[in-house]
Amino acid sequence: MKTSLVTGATGQDGSYLIRKLLSEGRRVCALIRRASTSNMSRLSDLREGIQSNGSELIYCTGDLTDTPSLMRTLGEFEPDEVYNLAAQSDVRLSFDVPEFTGEVDGMGALRLLESIRRLGLTEKTRFYQASTSELFGDVREKPQRETTPFAPRSPYAIAKLFAYWTTVNYREAFGVFACNGILFNHESPLRGENFVTRKITLGAARLRAGLQEKLLLGNLDARRDWGHAQDYVEGMYLMLQQDKPDDYVLATGEQRSVRDFLETVFNKLGYELVWSGTGADEKGKDRKTGRVLVEIDPQFYRPAEVNYLCGDATKAADKLGWSPKHTFDELVDDMLQHDIKQVEREILHR
Ligand code: NAP
Ligand code: G4F
């Protein structure tokens, strides 16, 4: 049985990837960091131990800022694969905690790769690094592909740039089967509530139920290439099953603005947004009632913004046979239906 170690196991992608790996019959070691309150909500339906198909799930404690815990875990399980998904992944927050972000997102990848080397696992352990379209930042080419130059615009992206090149370096210098997945934004009902798509679907569902007065947002004109996280973990898995290690963009090739996302969600709930004002004074009102549903709060602006991301995943399609399965409309429906039910439960438990 092959063993896969997943860091960032409690996050959105970690929880989907663990399910994928268990369905492939793997022994999965899920690295969890110590938290003062439970961080296991996305894994609450997964039982530790042997699963019905013979696969196995093991929870182990570790932290990307703590080399001994990484050495211990890698040494104990000698995994065939490491998927490094752990990160301080909030771009806005990275401006407030830049050093911590660098420690986890940049140095964390180095700690894992160097531990693999020190433990003599370079020929055994394949390594996936969760790289990001944020690397393209102030984009130098549209759409962005593997050969597009990087131009990071945040401490998050700069830390991820270090991790990207560290991954390439361990491949070239030490022969580690190490891959970068350069993933464009991917969302789901399990997306953190601090990210704009989930903030909108959950906020709109609460607003409709009378639990929230309005939605406060930042830059509505930033454009993103949004896909479904379930499709993207399939791509991560495929990268580590190839004959040779390489770096791949995963994206849908479609892009929309935050405003487009908002309008799609509100339309599905029976509202029609009309816009008035400019900049921080802009407001979105419901055409029928005149009620203000959306306002700008400058605290959600970023010191440096990434305005435009749209990916070209031709290489992943050609070499991995990967393409996204969910349409944009299916993604929004999946998130919104989930959040409508979540709000109904919230009301029941009041
Ligand atoms: P997420 O939901 O924010 O999950 C991040 C995970 O990292 C959580 O499990 C978190 O644990 C863990 N973590 C944070 N600091 C840690 C530390 N010091 N040691 C160990 N674990 C730590 O992120 P995601 O959306 O699933 O994304 C997964 C990865 O892909 C991240 O590296 C992200 O930067 C990258 N990425 C994401 C996207 C996207 O659109 N989702 C696109 C490109 C790249 P806690 O639960 O304890 O906080
Ligand atoms: O949802 P976001 O916070 O995602 P962002 O910054 O694109 O980062 C996500 O995707 C990256 C891949 O490109 C990952 F690497 C990263 O870990 C993370 O998963 O913001 C999207 C856009 C931004 O332009 C932001 O300025 O939405 C804009 N926005 C407008 N109002 C807002 C808000 N973002 C947030 N989080 N909250 C707002 O109120």
Query raised in the report: Quick one: in region 192-314, what % of C-alpha pairs are over 22 Å apart?
Result: 44 percent
Requested in this report: In whole angstrom, note down how far apart the Cα centers of region 135-165 and region 16-47 are.
Outcome: 29 Å
Query raised in the report: So, counting K/R as plus one and D/E as minus one, what does the shell of residues with Cβ under 11 Å around PRO303 add up to?
Result: +1
Query raised in the report: Applying the Karplus parametrisation 6.51 cos²θ - 1.76 cosθ + 1.60 with θ = phi - 60° to the phi angles of region 96-109, what ³J(HN,Hα) value in whole Hz is obtained for each residue in order, glycine and proline being reported as x?
Result: 8, 10, x, 6, 4, 4, x, 4, 7, 7, x, 5, x, 5
Query raised in the report: What are the residues whose amide H is under 5 Å from the amide H of GLN144, where those residues sit 5 or more places off or on another chain and H is modelled from the backbone?
Result: CYS310, GLY311, ASP312
Query raised in the report: Which residue, ARG191, ARG208, ARG153, has the most motion in a Gaussian network model of the chain that connects Cα atoms within less than 10 Å?
Result: ARG208
**Report entry** Under 30 Å from the Cα of LYS20 - lysines, other chains or at least 8 residues apart
**Finding:** LYS2, LYS124, LYS160, LYS199, LYS244, LYS315, LYS319, LYS325, LYS341
Report task. Could you sort 145-151, 100-106 so that the peptide with the highest average Cβ count within 10 Å comes first and the rest follow in order? Result -> 100-106, 145-151
Query raised in the report: GNM on the chain, C-alpha springs below 10 Å: top fluctuator among GLY227, GLY290, GLY192?
Result: GLY290
Requested in this report: Report the residue, chosen from VAL294, VAL274, VAL168, that carries the largest GNM mean-square fluctuation when the chain is represented by alpha-carbon nodes joined by springs under 10 Å.
Outcome: VAL274
Report summary line: With a ≥ b ≥ c from the Cα gyration tensor eigenvalues, square-rooted, and the rule rounded for a/c under 1.5, otherwise prolate when a/b > b/c and oblate otherwise, region 40-126 is oblate
Requested in this report: Express in % the proportion of alpha carbon pairs of region 155-239 at distances exceeding 14 Å.
Outcome: 75 percent
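With a/c under 1.5 counting as rounded, go ahead and sort the chain into rounded, prolate or oblate using the C-alpha gyration tensor (a ≥ b ≥ c being the square roots of the eigenvalues; past the cut-off, prolate if a/b is larger than b/c, else oblate).
Prolate shape, in that a/c is at least 1.5 and a/b is the bigger ratio.
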Report task. With N set to the residue count of region 115-214, report its C-alpha Rg divided by 2.2 N^0.38 Å to two decimal places. Result -> 1.47
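Values quoted throughout were computed directly from the atomic coordinates according to the rules given, and no laboratory measurement underlies them. These numbers were taken from a predicted model, which means no experiment stands behind them. Here the Cβ is made from the backbone with ideal geometry for all residues, glycine too, and neighbour counts use every protein chain on show.
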